[in-house]
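In what follows, a single structure is set out as structure tokens and then discussed.
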Amino acid sequence: MGFNIKKCTLEEVMQLQEISTTTFKETFGEQNSPEHMEAYLEKAFNVEQLERELANPDSHFFFALAEDEVAAYLKLNTDGAQSEEMGSDALEIERIYVKSAFQKHGLGRLLLNRALEMAGELGKSKVWLGVWEHNENALSFYKKKGFVQTGAHSFYMGDDEQTDLIMVKEL
């Protein structure tokens, strides 16, 4: 199965909303209450919020396409768009999400490689991300790719406080 990566534009906000909500529910729906899930989805993935993020020059969205279908997406942040103050030499991978039907086809690796390429293009010396402490598959994947846990921060699913582990890869 072949995939293409393309930059997501403001005109594609509805596709971004669809892939965002679908993949987030697929990834975390069983571990969270419907109320907390819906509260998070409404806050994080409403059209106005996504339009603001797409318009931010320090945020970058990419779609991974299988034929014409959006199979996965990537969100990167630099400078002031980062969710934690990590410095101007850092690039944040805020989101890598793959639809369940397309998992185990190398899309996570493909999107991670795009993030590392962009970090190089922008002259960044490190890449970092937050991973839910109970997401064993993601933690294992990032450790294999050279990321090291350096801290943790709170993540709110509705009003449910959860812990994301901060992982960094020096370039």
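Data overview
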read-out	value
Only one of M86, M118 that is under 21 Å from L16 (Cβ atoms), at pLDDT 95 or above and touching a strand residue (DSSP E or B) at 6+ places or on another chain (Cβ under 9 Å)	M118
Filter result for the condition that a residue is open to solvent by 60 Å² or more (accessible area, probe 1.4 Å) and either part of a strand (DSSP E or B) or of a type in the set (D, E, K, R) (or both), over E12, E53, E48	E48
Top-ranked residue in the range 56-85 [being among the small types (G, A, S) and in a strand (DSSP E or B); ranked as farthest from K104 (Cα to Cα)]	S59
Flag for F24 being within 13 Å of the chain's Cα centre (by Cα), in a helix (DSSP H, G or I) and in contact (Cβ under 8 Å) with a residue 12 or more places away in the chain	yes
Evaluation of E92 against (1) in contact with a strand residue (DSSP E or B) (Cβ under 9 Å, 6 or more places away or on another chain); (2) among the acidic types (D, E); (3) outside any strand (DSSP E or B) (one fails), failing number	(3)
So F45, is it in contact with a strand residue (DSSP E or B) (Cβ under 8 Å, 6 or more places away or on another chain) and under 20 Å from D164 (Cα atoms)	no
Flag if D79 is in contact with a helix residue (DSSP H, G or I) (Cβ under 8 Å, 6 or more places away or on another chain), acidic (D, E), within 23 Å of H153 (Cβ to Cβ) and modelled with pLDDT of 95 or more	no
Enumeration of residues in the range 98-119 that are open to solvent by less than 50 Å² (accessible area, probe 1.4 Å) and more than 13 Å from A64 (Cβ to Cβ)	L116, M118, A119
Contacts under 6 angstrom Cβ, first residue in the range 130-141 being over 15 Å from Q162 (Cα atoms), partner open to solvent by less than 60 Å² (accessible area, probe 1.4 Å), 6 or more apart	A138/V131; L139/V131
Residue count for the range 9-25, restricted to those that are out of contact with any strand residue (DSSP E or B) (no Cβ under 8 Å at 6 or more places or on another chain) and not β-branched (V, I, T)	5
Tally of residues being surrounded by 14 or more Cβ atoms within 10 Å (Cβ to Cβ) and either out of contact with any helix residue (DSSP H, G or I) (no Cβ under 9 Å at 6 or more places or on another chain) or part of a strand (DSSP E or B) (or both) across the range 126-146	8
Selection status of I93, of a type outside the set (D, E), over 28 Å from T163 (Cβ atoms), surrounded by 16 or more Cβ atoms within 10 Å (Cβ to Cβ) and within 17 Å of the chain's Cα centre (by Cα)	no
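The values are calculated or read from the model by the stated rules, or taken from the named source; none is laboratory data. These figures come from a predicted structure and were not determined experimentally. So basically every Cβ, Gly included, is an ideal-geometry build from the backbone, and we count neighbours across all protein chains shown. With ligands, DNA and RNA removed, areas are computed over all heavy atoms of the protein, side chains included. Shrake-Rupley method; radii C 1.70, N 1.55, O 1.52, S 1.80 Å.
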